[in-house]
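Trainee: The structure's right below; bear with me while I get my questions together.
The values are calculated or read from the model by the stated rules, or taken from the named source; none is laboratory data. None of these values were measured; they are calculated from a predicted model. Methodologically, a virtual Cβ is constructed for each residue, glycine included, from the backbone with ideal geometry; neighbour enumeration extends over all protein chains shown. These area figures cover heavy atoms from the full protein model, side chains too; ligands, DNA and RNA do not enter into them. Shrake-Rupley method; radii C 1.70, N 1.55, O 1.52, S 1.80 Å.
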Amino acid sequence: MTWRIIVNPAAGRQDGGRGWRAVEAALGDAGVAFDVVHTVRAGDGEELARQALREGRRRLVAVGGDGSVNEVVQGIMDSGLDDTREVTLALAPHGTGNDWARSLGMPLEPRAIARVIAAGRTMLHDVGAIDFPAAPGAPRRWFINVAGAGYDAWVTERVPRPVPSALTYLGIALRGLASYRSPGFRITVDGEVIEDRLLLAFVAIAQYCGNRMHVAPTARMDDGLFDVLAVRELSLLQVLPKLRKLYGGRILGDAAVSHLIAARVRIETDPPVTVQADGQVLPRTPAEFSLRRQALAVVIP
C-alpha cells in the first residue's frame, strides 16, 4: 500500500526543505511507495489526515514535530472510522523537540528513518482524550504523548512559532518562575484526590516532553493507563537543583513530585489555567482525561 506523507514545512529547523528532501530521497531508495501533501497553516494536518482516510488510505506518515503529529492524530481519531486500528501511523521526526519520537526510539537520520518505515514493524499505541466540561461546544481533543496543566501550559503559550531553538522552552520556563503564581489544584485520579497548590500537573502516555524532559520514565504507551505527575509549587532556586533529575529520568523520587497511575483523570484549578497536549495550547480547566487503549497502529524501530 502507498503511504500518504503529510509534511509540515514550518516544523523544526528552517533549512529550506533540505531535511525533508533527504528523507524523501531515502524513502525512495528504500523502495517505499508514497505520495506527499504539505500543510500551509496550523490545523491543516488534521484535515489532510481526514481527507486521506476518506480516500481509503490507511497508511500515514507525519513529517514534523510533536505538534505536527498531534494534528494528524486529531484527524484520525475524529474521522469517524469504526476501528482506528485500521490506520498505521509512522513518524519522520523533523521538529525542534521530537519528544514522542524519543519515546518510540525513532532515529533522526534520514536513511535510518526510511529503513524503519520500510520494515513496517508496529505496536498498538494508546491515545488520550481531553474534554472540557466548562467550555460548551469545545471539541474533544486527542493526544498521543504528554498533556499538562499549569506552568507547563503557561510556558507553551509563550513559545514562539516556529520554535527558534531546542533551548527555547527551558529558557522561557526558567525566566517565568519569578512571576508565575501557582493555582490551587484538585486532581481526581480514579477516585483518589490530590488537593494542593501546584506548579503543574502532567498526564502522560509517553515519557518525554519540553525537549528531552524525562517527565514520566515509567510510562508505557500501550498499557491503557496514564502516568500522572503533580509537582508542588517551587521557586527558581528550588527548581534548579532538580533539573538534573528531570532530564535524567529520576524525577519520580523527588519529594516535590506525586506520581499516580490512572485510566481517568479530572483536573480542576482555582483560578482556571490553560491546558496543553503534545505542545498544542487548549482551553482552560476543568479538564477530564480518558484513554482509548491500543487505539492506533504506530511504526516503531
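Trainee: Tell me which residues, restricted to region 131-153, are of a type in the set (Gly, Ala, Ser) and either at negative phi or under 12 Å from the mean Cα position of the chain (by Cα) (or both). Break it down stepwise before answering.
Mentor: Taking region 131-153 and keeping what is of a type in the set (Gly, Ala, Ser), we get 134-135, 137-138, 147-150, 153.
Once the filter is applied, which keeps residues that are of a type in the set (Gly, Ala, Ser) and either at negative phi or under 12 Å from the mean Cα position of the chain (by Cα) (or both), region 131-153 yields Ala134, Ala135, Ala138, Ala147, Gly148, Ala149, Ala153.
Trainee: Checking the structure you have, find out if any residue of region 175-182 is open to solvent by 40 Å² or more (accessible area, probe 1.4 Å), among the aliphatic types (A, V, I, L, M) and in a loop (DSSP other than H, G, I, E, B).
Mentor: Yes, that holds for at least one residue.
Trainee: Still on this model: Go through region 212-232 and give me each residue that's assigned to a loop (DSSP other than H, G, I, E, B) and at pLDDT 95 or above.
Mentor: Answer for region 212-232, where residues must be assigned to a loop (DSSP other than H, G, I, E, B) and at pLDDT 95 or above: His214, Val215, Ala216, Pro217, Thr218, Ala219, Arg220, Met221, Asp222, Asp223, Gly224, Leu225.
Trainee: If we keep just the residues of region 108-119 that are in contact with a strand residue (DSSP E or B) (Cβ under 7 Å, 6 or more places away or on another chain) and surrounded by fewer than 23 Cβ atoms within 10 Å (Cβ to Cβ), which is modelled with the lowest pLDDT?
Mentor: Residues of region 108-119 in contact with a strand residue (DSSP E or B) (Cβ under 7 Å, 6 or more places away or on another chain): 108, 113, 116-117.
From what's left, surrounded by fewer than 23 Cβ atoms within 10 Å (Cβ to Cβ): 108, 116.
Values: Leu108: 95, Val116: 98.
The residue in question is Leu108.
Trainee: For region 6-17, indicate whether the set of residues that are outside any loop (DSSP other than H, G, I, E, B) and either open to solvent by less than 10 Å² (accessible area, probe 1.4 Å) or at pLDDT 95 or above (or both) is non-empty.
Mentor: yes
Trainee: Take residues that are surrounded by 15 or more Cβ atoms within 10 Å (Cβ to Cβ), under 18 Å from the mean Cα position of the chain (by Cα) and touching a residue at least 24 places away in the same chain (Cβ under 8 Å) and tell me which of the strands (runs of 3 or more DSSP E) falling wholly in region 246-297 contain 3 or more.
Mentor: The qualifying strands (runs of 3 or more DSSP E) are 274-277, 280-284.
Trainee: Taking the condition of being modelled with pLDDT of 95 or more, within 20 Å of Ala219 (Cβ to Cβ) and either in contact with a strand residue (DSSP E or B) (Cβ under 6 Å, 6 or more places away or on another chain) or aliphatic (A, V, I, L, M) (or both), how many residues in region 68-107 meet it?
Mentor: 10
Trainee: I need the full set of residues from region 154-169 which are in a helix (DSSP H, G or I) and either at positive phi or open to solvent by 40 Å² or more (accessible area, probe 1.4 Å) (or both), in order please.
Mentor: Listed by number, the residues that qualify are Trp154, Glu157, Arg158.
Trainee: If you go through region 198-209 one residue at a time, do you hit one that is among the aromatic types (Phe, Trp, Tyr) and over 29 Å from Arg115 (Cα atoms)?
Mentor: yes
Trainee: Kindly establish whether Val155 is modelled with pLDDT under 95 and under 26 Å from Lys242 (Cα atoms).
Mentor: In short, yes.
Trainee: Quick one: which residue in Thr84, Thr122, Thr96 is open to solvent by 10 Å² or more (accessible area, probe 1.4 Å), under 13 Å from the mean Cα position of the chain (by Cα) and β-branched (Val, Ile, Thr)?
Mentor: Thr96
Trainee: Exactly one of (1) part of a loop (DSSP other than H, G, I, E, B); (2) open to solvent by 30 Å² or more (accessible area, probe 1.4 Å); (3) not small (Gly, Ala, Ser) is unmet by Val32. Its number?
Mentor: (2)
Trainee: Within region 183-194, is even one residue open to solvent by 30 Å² or more (accessible area, probe 1.4 Å) and without any contact (Cβ under 8 Å) to a residue 60 or more places away in the chain?
Mentor: Looking through region 183-194, at least one residue is open to solvent by 30 Å² or more (accessible area, probe 1.4 Å) and without any contact (Cβ under 8 Å) to a residue 60 or more places away in the chain.
Trainee: If I filter region 35-59 down to residues being in contact with a helix residue (DSSP H, G or I) (Cβ under 6 Å, 6 or more places away or on another chain) and not in a helix (DSSP H, G or I), which single residue comes out as nearest to Gly279 (Cα to Cα)?
Mentor: That would be Thr39.
Trainee: Also, quick follow-up: Limited to region 218-242, what total is found for residues that are over 26 Å from Arg181 (Cβ atoms) and open to solvent by 70 Å² or more (accessible area, probe 1.4 Å)?
Mentor: 2
Trainee: Starting from residues that are of a type in the set (Gly, Ala, Ser) and in a loop (DSSP other than H, G, I, E, B), keep the ones in region 60-81 and report whichever is surrounded by the most Cβ atoms within 10 Å (Cβ to Cβ). Steps first, answer last, please.
Mentor: Initially, region 60-81 is screened for residues of a type in the set (Gly, Ala, Ser), giving 62, 64-65, 67-68, 75, 79-80.
Next, from what is left, pick out any that are in a loop (DSSP other than H, G, I, E, B): 65, 79-80.
On the way: Gly65: 27, Ser79: 16, Gly80: 9.
Looking at residues that are of a type in the set (Gly, Ala, Ser) and in a loop (DSSP other than H, G, I, E, B), I get Gly65.
Trainee: Open to solvent by 20 Å² or more (accessible area, probe 1.4 Å) and either touching a Ser or Thr at 6+ places or on another chain (Cβ under 9 Å) or over 28 Å from Leu174 (Cβ atoms) (or both) - does that describe any residue in region 200-208?
Mentor: Yes, region 200-208 contains a residue that is open to solvent by 20 Å² or more (accessible area, probe 1.4 Å) and either touching a Ser or Thr at 6+ places or on another chain (Cβ under 9 Å) or over 28 Å from Leu174 (Cβ atoms) (or both).
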